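**Q** This structure is in structure tokens; I'll ask about it shortly.
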Amino acid sequence: MGVVLEFPEADPRYQSAGRRLKRWREERGVGIEALAEAIHASPDVIRRCEAGRSRLDSAQLEAATRALHLPLWALVSDVPAY
């Protein structure tokens, strides 16, 4: 028999951040591969983050905001912080 791989469930704390990341990435017309390259991560990291199964570390978050031409608050909150 084959091996069953367990995948982590989506974490409610990460789901909203993942939705924001995906929304902004799509609005900016940036592909998963391009964003992954910009933050020095694999495309799977982006997919897991967008699905709420993982999160970006602070360096990746900063790189993502630069790649998407966003202020930092745009990926961490729905409320403008300026």
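**Q** Between GLY52, GLY31, GLY18, which gets the highest mean-square fluctuation from a Gaussian network model of the chain, Cα cutoff 10 Å?
**A** Comparing GLY52, GLY31, GLY18 in a Gaussian network model of the chain, the most mobile one is GLY31.
**Q** If I model a spin label at GLU27 and SER77 as a point 7 Å from the Cα along the Cα→Cβ vector, what separation in nanometres do I get?
**A** About 1.6 nm separates the two model spin labels.
**Q** Which whole-number percent is the relative contact order of the chain (Cα, under 8 Å, 6+ apart)?
**A** Once divided by the residue count of the chain, the mean separation gives 34 percent.
**Q** Which percent of the accessible heavy-atom area of the chain goes to carbon and sulfur, probe 1.4 angstrom?
**A** For the chain, the apolar C and S fraction of the accessible surface comes to 54 percent.
**Q** Tilt of helix 58-67 relative to the longest C-alpha principal axis of the chain, in degrees (0 to 90, nearest 10)?
**A** Approximately 60 degrees, to the nearest ten.
**Q** Further question on the same structure: Relative to the longest principal axis of the chain, what angle (0 to 90°, nearest 10) does the C-alpha long axis of helix 12-27 take?
**A** With rounding to tens, the tilt is 60 degrees.
**Q** Could you compute the FRET efficiency for ALA34 and ALA10, with r as their C-beta to C-beta distance and R0 at 25 Å, rounded to 0.05?
**A** So the FRET efficiency works out to roughly 0.55.
**Q** Write down the accessible area per residue of the chain in Å², having rolled a 1.4 Å probe over the full set of protein chains.
**A** Per-residue value: 70 Å².
The values are calculated or read from the model by the stated rules, or taken from the named source; none is laboratory data. Keep in mind that what you see is a predicted model, and the values were worked out from it rather than measured. Every residue, glycine as well, gets a Cβ built from its backbone with ideal geometry; the counts of neighbours run over all protein chains shown. For accessibility, only protein heavy atoms count, side chains too; no ligands or nucleic acids. Shrake-Rupley method; radii C 1.70, N 1.55, O 1.52, S 1.80 Å.
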